[in-house]
Amino acid sequence: MEQIRRTKITDLLKTTETGQIVNVKGWVRTKRGNKQVNFVALNDGTCIHNLQIVVDVPNFDESQLKRITTGAAVSINGEVCASTGSGQAVEVLAKEIEVMGDCDVDKYPLQPKKHSLEFLREIAHLRFRTNTFGAIARVRHAMIFAVHQFFTQKGFLNIHTPIITASDAEGAGEMFKVTTLDLDNLPRTEEGDINFKEDFFGKATNLTVSGQLEGELAALAMGEIYTFGPTFRAENSNTSRHLAEFWMIEPEMAFYDLNDNMDLAEEFLKFLIKYALDNCLDDLKFLSNRLQEEEKGKKAEDKTMELIEKLEFVLSNDFIRLPYTEAIDILKNSKPNKKGKFKYPIDGFGSDLQSEHERYLVEKHFKKPVILTDYPKDIKAFYMKQNEDGKTVRAMDVLFPQIGEIIGGSQREENYDKLYNRMTEMEIPAEEMWWYLDTRRFGSVVHSGFGLGFERLMLFVTGMGNIRDVIPFPRTPKTAEF
Ligand code: ATP
Ligand code: MN
């Protein structure tokens with residue numbers, strides 16, 4: 001076969017020029033036709049659309065054409081022609097065909113029909129080859145790029161924080177242990193405890209639940225930083241919004257108070273959503289249709305807003321900003337609470353908000369994204385700035401429709417004594433956190449930050465309902481296949 005430089009399908013579909021000879025490579029989605037002519041739909045992952053390959057059957061070996069099946073990898077040299085069919089401007093009239101990789105089509109799990117998302121999770125090694133997961137993979141990449149672009153434009157530094165950590169201040173009980181000790185023959189201290197002095201790092205270590213604490217160290221010298229790394233939580237909650245391994249973006253800024261922090265969070269989310277609309281429209285349109293198809297049977301009031309409309313809606317509205325105490329009043333007096341419709345009834349100050357409450361506020365009451373601030377200190381982390389009232393802290397959670405909490409953040413306690421006392425109250429070993437406390441002794445300043453769960457953002461942008469479908473290889477309780 002003649003060697004011609006490969007053209008990507010996304011680029012080819014943008015041309016209107018015809019007559020040139022090109023090479024395309026990809027995987028066959030479908031083949032149909034008759035004894036005279038075959039039409040092969042070819043996809044190479046570069047866009048949602050397939051390229052139509054027209055094959056004049058008499059020009060090729062029958063045995064070779066037989067090998068062009070769904071799932072096979074092929075390389076095709078052919079002429080770009082104006083397409084007579086609907087959908088796209090150009091197609092390729094095949095001159096030479098090479099089957100690069102045959103597909104055992106009887107055993108191939110991906111048949112050209114609709115498969116359930118649950119089934120596709122079981123074949124996550126192949127699900128990239130479906131329209132839905134191809135679209136999600138491209139949107140995911142665009143969002144990763146947009147995160148870095150946003151912060152780079154603003155002069156933030158990307159800091160890599162450790163994945164293995166000896167501090168468990170934040171993750172009490174939710175951390176994965178990291179060890180090289182022989183689990184069948186654990187070294188013991190005289191008291192009979194496991195002797196971690198003999199472990200790889202000479203102490204007990206875990207996978208990180210957040211890069212924030214180290215992020216703060218960097219912010220208190222570099223000004224504005226962000227982390228974007230994997231985080232691990234051994235929470236045994238099998239929900240559609242929790243993963244055991246997920247990616248988190250954590251900006252941390254010196255000289256920002258809670259209002260500055262909220263401004264940044266809102267600007268950031270809007271930037272990402274706008275970036276998706278500007279750069280991923282084909283994929284978003286596909287995902288929108290998929291969603292509408294899925295919701296066809298539902299009652300009008302149970303249907304979600306059309307995806308692109310929903311994204312534009314968030315862009316064009318200011319987020320509501322509201323203290324927790326006022327949210328509690330709204331929830332307490334709400335219909336679902338009075339009628340006992342909430343699984344977790346709200347009885348007043350101190351109640352932790354569940355996603356049913358968060359979604360009620362956003363979807364039913366305000367019909368806009370909401371930032372709740374000033375939560376009770378007892379349901380929030382030790383490092384949050386304490387308010388004068390002695391009861392609340394300067395926390396902020398950003399709540400989104402369909403998702404609930406998408407961002408959690410706060411102004412940080414910069415006062416050494418207040419921070420130290422709070423740690424003691426919450427039984428956090430201050431001696432082990434000496435390095436964190438040091439920042440409050442050496443030039444401490446007002447500072448703030450937040451964490452955006454990257455897969456929660458992906459849920460919102462793609463309209464997918466389950467977090468297992470917006471990360472290529474999900475890690476959840478009892479599943480770590482692939
Ligand atoms: P939630 O109440 O939803 O469990 P959280 O309060 O534990 O969230 P934070 O510790 O504030 O969450 O983490 C910051 C962000 O990380 C959250 O706003 C969310 O977007 C995301 N996040 C938290 N836990 C998970 C998880 N298990 N899987 C995916 N994303 C998560
Ligand atoms: Mn949680």
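Of note:
Yes or no, residue by residue, for (1) part of a helix (DSSP H, G or I); (2) within 16 Å of ligand 2 (Cβ to nearest atom); (3) assigned by TED's automatic domain parsing to the domain that holds Gly404:
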position	(1), (2), (3)
Asn185	no, no, no
Glu191	no, no, no
Ala218	yes, no, yes
Ala221	yes, no, yes
Ala234	no, yes, yes
Ser237	no, yes, yes
His242	no, yes, yes
Asp263	yes, no, yes
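- Restricting segment 230-252 to residues that are among the acidic types (Asp, Glu) and open to solvent by less than 20 Å² (accessible area, probe 1.4 Å), the residue that is farthest from ligand 1 (Cβ to nearest atom): Glu252
- Residue match in segment 326-346 (condition: open to solvent by less than 90 Å² (accessible area, probe 1.4 Å), part of a loop (DSSP other than H, G, I, E, B) and in contact (Cβ under 8 Å) with a residue 60 or more places away in the chain): no
- Test: residue in segment 24-45 that is more than 26 Å from Asp106 (Cα to Cα) and not assigned by TED's automatic domain parsing to the domain that holds Gly134: no
- Of the residues making up segment 77-116, those that are touching a Ser or Thr at 6+ places or on another chain (Cβ under 7 Å) and open to solvent by 80 Å² or more (accessible area, probe 1.4 Å) are Glu98, Met100, Pro112.
- Residue match in segment 61-77 (condition: more than 35 Å from the chain's Cα centre (by Cα), part of a strand (DSSP E or B) and not assigned by TED's automatic domain parsing to the domain that holds Ala137): yes
- Qualifying residue in segment 211-226 (condition: within 28 Å of Gly465 (Cβ to Cβ), touching a residue at least 60 places away in the same chain (Cβ under 8 Å) and either touching a strand residue (DSSP E or B) at 6+ places or on another chain (Cβ under 9 Å) or buried (at least 22 other Cβ atoms within 10 Å of the Cβ) (or both)): no
- The residue that is surrounded by the most Cβ atoms within 10 Å (Cβ to Cβ), counting only those in segment 193-203 that are part of a loop (DSSP other than H, G, I, E, B) and more than 35 Å from the chain's Cα centre (by Cα), is Asn195.
- Within segment 396-451, the set of residues being open to solvent by less than 60 Å² (accessible area, probe 1.4 Å), part of a helix (DSSP H, G or I) and of a type outside the set (A, V, I, L, M, F, W, C) comprises Arg422, Tyr436, Asp438.
The values are calculated or read from the model by the stated rules, or taken from the named source; none is laboratory data. None of the values given here were measured: they were computed from a predicted structure. Backbone-built Cβ (ideal geometry, glycine too); neighbour counts: all protein chains shown. Please note that ligands, DNA and RNA were not included when accessible areas were found on the heavy atoms of the full protein model with its side chains. Shrake-Rupley method; radii C 1.70, N 1.55, O 1.52, S 1.80 Å.
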